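Here's the structure, in structure tokens; my notes come after.
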Amino acid sequence: MPVIEVSNLNKRYGERVAVDDVSFTVEEGEIFGILGPNGAGKTTTVECIAGLRTPDSGGIRVLGLDPRTDGAKLRRLVGVQLQESQLPEKLSVAEALDLYASFYPDPADWRQLIADLGLTAQLKTRFGKLSGGQKQRLSIALALIGRPRVAILDELTTGLDPQARRDTWQLVEAIRDKGVTVVLVTHFMEEAERLCDRLALIDAGRVVALDTPAGLTAKVADEQRIWFRPSAPLDDRLLGDLPEVTSVTRSGPRVLVTGREDVLLAVVTVLAREQIRPLDLRVEQATLDDAFVALTGRSIDTDEETTV
Ligand SMILES: Nc1ncnc2c1ncn2[C@@H]1O[C@H](COP(=O)(O)OP(=O)(O)OP(=O)(O)O)[C@@H](O)[C@H]1O
């Protein structure tokens, strides 16, 4: 049985349609991504799932409960880390954890949680003095303190530097490995590609595609592009004759081979047989952004640094 079922969800703010007939299910133990550009309706969707906003219409079930009527029960089962969660500047890390633990009948051992999150040295530090990464880690600890079965993480790594972002990705995987189902809201393609088992691409309030990251990219382009510089003279026909290869072209000293599925293995096998090394080898595949462009005509890309 799915852990989360969303069917035909709609939400407007006045005239503005934020969520437009959104449906998806999230299975137990997966990391489910909601990926789309700013303003696509991602936060509104997860706020409805968490019972923090009331949809105009549509059905939501989380662990069999309806967030509209079973809000209190649900809050014990779902941990939510929302965008830019703010705490009073003067509250220390330990005080925040004590406070949140007091909301739950059987809270997790927060000392263990923050040891796992690498925050033990900051126990006495006030919230206002924490770095961006430390604030994010604290917000994850607060989302997990009630031993949730589902964790909703919204724009977890926005504003973090590449190293902190990578560390946070490991944390998310560790949360999933403990059996928690994770809903991850993001506008970073690399993040979605790396972490999510399945994801919904969302644009202007609508789900435009729903699949695994590999499934989404395969839909738009099943062609691979292989660039390399041969270490010795190469007869292009040796590659062009391979059934996996669709084209071989030259760009100065570099060779570009395009093809489907097993083209890399086929090319490398021929080169090995000819005792030619592929120098500066690069394999290009379609990205989630290519998929998004193909589906919506525009890019997810934001002005924020996404290189990791
Ligand atoms: N409280 C609100 N009142 C009015 N409009 C809102 C409100 N919250 C969100 N919106 C609008 O609804 C749309 C969807 O917003 P939402 O925050 O759900 O998108 P998002 O995909 O999470 O984007 P972001 O990553 O920028 O938060 C946007 O056009 C936004 O401006």
**OP:** Bin width 5 Å, alpha-carbon pairs only: give the P(r) of region 184-308 as whole percents, running from 0 to the bin holding the largest distance.
**Re:** 2, 10, 18, 18, 13, 12, 12, 9, 5, 1, 0
Subject >> Pairs beyond 29 Å (Cα-Cα), from K42/K219; K178/K219; K11/K73 >> reply: K178/K219
**OP:** May I ask what percent, to the nearest 5, of DSSP beta bridges between residues of the chain are antiparallel?
**Re:** 65
Subject >> Neighbour-limited loop hits for GluC sites (Glu not before Pro), region 1-38 (at most 11 other Cβ within 10 Å; DSSP other than H, G, I, E, B) >> reply: E15
Subject >> Whichever lysines have a C-alpha closer than 24 Å to that of K124, once near sequence neighbours (fewer than 8 apart) are set aside >> reply: K90, K135
Subject >> the chain pair-distance distribution - Cα-Cα, 20 Å bins, rounded % >> reply: 29, 47, 21, 3
Original post:
What is region 234-286 by shape, rounded, prolate or oblate, if you read a ≥ b ≥ c off the alpha carbon gyration tensor as root eigenvalues and call it rounded for a/c under 1.5, prolate for a/b larger than b/c, and oblate otherwise?
Top reply: rounded
Subject >> Where only alpha carbons of region 182-235 are counted, the Rg and the Dmax (Å) >> reply: 16.6, 54
Original post:
Which percent of Cα pairs goes in each bin when the distances of region 1-153 are cut into 5 angstrom slices starting at zero?
Top reply: 2, 9, 17, 19, 18, 14, 12, 7, 2, 0
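Over the Cα atoms of region 92-194, compute the convex hull volume and normalise it per residue, giving Å³.
Residue-normalised Cα hull volume stands at 95 Å³.
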**OP:** Counting only C-alpha contacts under 8 Å and six or more residues apart, can you give the relative contact order of region 189-305 as a whole percent?
**Re:** 29
Subject >> Cβ-derived FRET efficiency at R0 30 Å, D70 paired with Q112, nearest 0.05 >> reply: 0.55
**OP:** List, largest first, the extents of the alpha carbons of region 1-69 along their principal axes, each in whole Å.
**Re:** 36, 28, 18
**OP:** Starting with the highest mean, order 141-148, 162-169 by the number of other Cβ atoms within 10 Å, averaged over the residues of each peptide.
**Re:** 141-148, 162-169
Original post:
For the chain, what is the relative contact order in percent, using Cα pairs closer than 8 Å and at least 6 residues apart in sequence?
Top reply: 20
Original post:
Cα axis of helix 263-273 to longest principal axis of the chain: angle in degrees, 0 to 90, nearest 10?
Top reply: 40
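Report Rg/Rh for region 40-105, rounded to two decimals, where Rg is the Cα radius of gyration and Rh the Kirkwood radius.
My calculation puts Rg/Rh at 1.04.
Each value in this text was obtained by applying a stated rule to the coordinates, not by laboratory testing. Quantities reported herein were computed from a predicted structural model and do not represent experimental measurements. We place every Cβ from the backbone using ideal geometry, glycine too, and count neighbours over all the protein chains shown.
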